[in-house]
Amino acid sequence: MMKTWLGISVALLLVVTAGLAGVHRWFNPPAPPAQLFYNGSILTMDATFPQATAMLVQRGEIVALGDAETLRDRVSRDVVTVDLQGGTLMPGFIEAHGHFPGEGLSAVAVDANSPPIGDLYSIETLLERLKLLAQRRPDGPLLAYGFDDTTIGEQRYPSRQELDLVSETRPVLVMHISGHFGVLNSAGLAAMGISEEVTDPIGGYYGRDENGRLNGVLAETAFSPVRTSLLNLSGMDGFRVMRRAAHLYLSRGITFAQNGLADARTLRALAPVLRYGLLPMRLSVWPDAEAQEQISSGRLKLVRTPRGYPGSVKLVSDGSLQGFTGFLSEPYYTVPETYPPEYLGFPSLSAEALDEQVVRFHCQDLQVAIHANGDAAIAMSLDAIAAARAQCPEIQRQPVLIHAQMATTEQLNRMVALDVIPSFFNVHVYYWGDRHRDIFLGPERAGRISPLAEAARLELPFTLHADSPVVPFQPLQLVWNAVNRQTASGQLLGPEQAITVERALKAVTIDAARQLGVAEEVGQLRPGLRADLVWLDRDPRESIADWKSIQVRGVWVDGVRRFPDGMTE
C-alpha cells in the first residue's frame, strides 16, 4: 500500500510539474534566433549613438545597430525581418511610478471617471452603474474607482445613504480618483468594524454629517485599511484585472510596469504571477514599510525573476492636493466652507516618524521612495533624507521623491546636493491644472507645478509618471504635456516650465530605467541590452503635438512580440 501511495504521489507530482512547465511555456514563448528591424528611424536614447536605420536582435538581446545590408550579412537567410515602414523604433516606455494593475479594475468594478477621462456626469448615474454591477456580480463587495467630487455635476461625494440604495447587505465602496479617499455604505462600515464612536487616526479622518454621524467618507490613513481589505480580489478576478491592465499597457507601448505601494498581501498574490511569467511585461514592485520589515526579517519573500524586480521601499509623507490633504507651507488658495481659512493640509507621518523610517531603510542599503506632493511634505522628506545621508554616508543608493509637484527652487537645489531623483506627476497640469489655478493653489503656485524646466537647467535627473490608475498612464501624453503645459480647457499653465520633447522622452525611457535600477538591461537600444521595443508609425519628436494620432504598431519584450499579436487579453 505504501508503494502504491508513493507511486500515486510521484505521478501527481509529475503531472503538476508538467502542467506548471506547460503554463510557463505558454506564457513565455522563446524569442526568434535572429530579428532584423529596418526601413525606419531607430531612436536609441543613447547619446553616443542616437539614431540608426537598422537593428539586429538575437534571442532577445540587441547585438548591433547600423544599416540593413551590413547587419543582414551577419546572420543566416532565415532571420525574421521587421519592415518598420518608415516608422520609428525606440525603447519600450517605462513606468517610473504607478499602481499596476490598477487600470485593469474595469474588469471587475465601475469606472467612475468624469471627463476628460470617462463619461460620468452625476451621482445618479453612478448609482445606476453600481446597481448594474450588482446584477453582474451577485456576491462580494461592489467597487467603483476614479470618482472626482470636483468634476461631478453635484460637486460632492455620494452620501452613505445614497450608497445604501445600491445595497443594504453588501459593502459598496466608491474610491476617489486620487486613491486617498473613499466612501462606504452602511454595510461596508459595519463589515470594516467602523462604528459611530470611532476616532480619527493620525494622518486621516472619518467624514461626518451636520449631526455628527458618519457620512461614509474616509480620508488617507482612515481609508487605507478599507481599500486594502475590499480590494482583496479572488484569484480569478485578480487575473482578469492583471490581463486587462497588461493589454492596455502594451497597446500604448509600455514594456515595464510598476506597482508603487505593495502590502504583504499584494506581494503574495504577485509571487506566482512573476514566478511563472504570467505577466507579458516587466514589473517593478515596491513594498510598503510594513511589508519591507517582513522581508527584512525573512517572514516574506520578494525575489528577482526574469521579468519581476524588487524595488524601492515606498513611504508616504502627505496626501493629495486635489483632496486638500497635500501638506503645504502656505494655505490653500480656497478651501471648503467647513475648513479653517489658514488650512495647510497635513502630513501623513510626524517628522520624527518619517526620519526614523527613512534612516532605517536607507542604512539597510535599500532605495527609499517617498510620496510628497506639497512643499512642506517635500521639506520633511528632504530633511529625512539628509539625516539618512549623514548617518550612513557610505550608502550610495539614490532616494526618490514621488510626485514632487510643489518643489521650490531651493528644494530642487537641495535634491541635487543630496543626489535625489524626483519623479514628477506632470499630467496634473492637464487633468487638474485649471482647478489648481482657480481652486487649490492659485495662479502663481499652479504655474510652477512640476517644475520640469528648472530641474532640467539644474541638470537634475527626473522621470515622469501618471500614478496609474489615478489617471491613465499614456507615455506620449506625458511627453506632450511636458512640452506644451496645456490644461484640459486648452489654456497654458506655467509655459516657462516646459521642456524639449527629447528631454521628455528620456524621462519615460532611459531615466526611468536608471531610477528603477535597470539601466543595464533596458531603457536604451544598444548592444548588450534586452530587446524591449515599441514601434510607432511616426517619429514622436516631430509629431508630439498630435500625440493621440501616433499609432503603436508593435511591442516586443525580450524580443518576443507581445502586441498586437501577443497573449495580452
Practice problem: Assuming R0 = 56 Å, can you tell me the calculated FRET efficiency for the pair Met236 and Asp365, based on Cβ-Cβ distance, to the nearest 0.05? | Solution: 0.90
Quiz item: Roughly what % antiparallel, to the nearest 5, for the DSSP beta bridges in the chain?
Solution: 50 percent
Quiz item: Sorted from fewest to most neighbouring beta carbons within 10 Å, what does the list Val313, Val174 look like?
Solution: Val313, Val174
Practice problem: Between Glu502 and Asp438, with labels modelled 7 Å along Cα→Cβ, what's the label distance in nm to one decimal, could you check? | Solution: 3.8 nm
Self-check item: Radius of gyration, Dmax [the chain; alpha carbons; angstrom]
Solution: 24.3, 82
Practice problem: Taking H placed 1.01 Å from N in the peptide plane, check which residues at least 5 places from Arg208 or on another chain put their amide H under 5 Å from its amide H. | Solution: Asn215
Quiz prompt | Extension gain (nm, one decimal) between Glu210 and Thr409, 0.36 nm per residue minus Cα-Cα | solution = 67.4 nm
Self-check item: Summed side-chain charge close to Leu328 - residues other than Leu328 whose Cβ falls under 14 Å, Lys, Arg +1, Asp, Glu -1
Solution: -3
Self-check item: Positive-end residue of Gly207, Ala219, Gln135, charge dipole of the range 109-230 with Cβ unit charges
Solution: Gln135
Quiz item: Just how far, in whole angstrom, is the range 424-463 from the range 300-340 if you go by their alpha carbon centroids?
Solution: 16 Å
Quiz prompt | Sequence-distant aspartates and glutamates (8 or more away, or on other chains) whose Cα lies within less than 15 Å of Lys301 | solution = Asp263, Asp288, Glu290, Glu293
Exercise. Report, in deg cm²/dmol and to the nearest 500, the calculated mean residue ellipticity at 222 nm for the chain, where each DSSP H run with n ≥ 4 adds -39500 (n - 2.57) and the sum is divided by the residue count.
Key: -9500 deg cm²/dmol
Quiz prompt | Förster radius 30 Å - calculated FRET efficiency between Tyr276 and Ala519, Cβ distance, rounded to 0.05 | solution = 0.65
Quiz item: Tally Lys/Arg at +1 and Asp/Glu at -1 over every other residue whose Cβ is under 11 Å from the Cβ of Ile123; what's the total?
Solution: -3
Quiz item: What do you get for Rg/Rh of the range 109-230 when both radii come from the Cα atoms and Rh is the Kirkwood radius?
Solution: 0.94
Quiz prompt | Computed label-point distance, nm, for sites Arg299 and Glu356 using a 7 Å Cα→Cβ extension | solution = 1.7 nm
Quiz prompt | Whole-number D in µm² s⁻¹ for the range 236-522, Kirkwood Cα-pair radius fed into Stokes-Einstein, 20 °C, 1.002 mPa s | solution = 110 µm²/s
Practice problem: Only Cα pairs under 8 Å and at least 6 apart count here; give the relative contact order of the range 109-230 as a rounded whole percent. | Solution: 20 percent
Quiz item: Hey, rough spin-label estimate for Asp139 and Ala488, points 7 angstrom out along Cα→Cβ, what's it come to in nanometres?
Solution: 3.8 nm
Practice problem: Fewest Cβ neighbours within 10 Å first, please rank Met281, Met192 accordingly. | Solution: Met192, Met281
Quiz item: Residue by residue, what Karplus-based ³J(HN,Hα) values in Hz, rounded to whole numbers, does the range 27-33 have, using 6.51, -1.76 and 1.60 with θ = phi - 60° and x for Gly and Pro?
Solution: 8, 10, x, x, 6, x, x
Quiz item: If you average the sequence gap of Cα pairs under 8 Å that are 6 or more apart and divide by the length of the chain, what percent do you get for the contact order?
Solution: 17 percent
Quiz item: So, counting K/R as plus one and D/E as minus one, what does the shell of residues with Cβ under 12 Å around Arg414 add up to?
Solution: -3
Practice problem: Take the alpha carbon atoms of the range 52-127, find their center, do the same for the range 539-558, and report the distance between the two centers in whole angstrom. | Solution: 9 Å
Quiz prompt | Amide H within-cut-off set for Leu401, under 5 Å, with H built and near neighbours excluded | solution = Ile370, Ile421, Ser423
Exercise. Going by C-beta contacts inside 10 Å, put Ser450, Ser159, Ser348 in order with the fewest on the left.
Key: Ser159, Ser348, Ser450
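Any read-out appearing in this document is the output of simple, stated calculations on the displayed coordinates, not a laboratory observation. As the structure is a prediction and not an experimental result, all values here were calculated from the model. All Cβ positions, glycine included, derive from the backbone under ideal geometry; neighbour counts span all protein chains shown.
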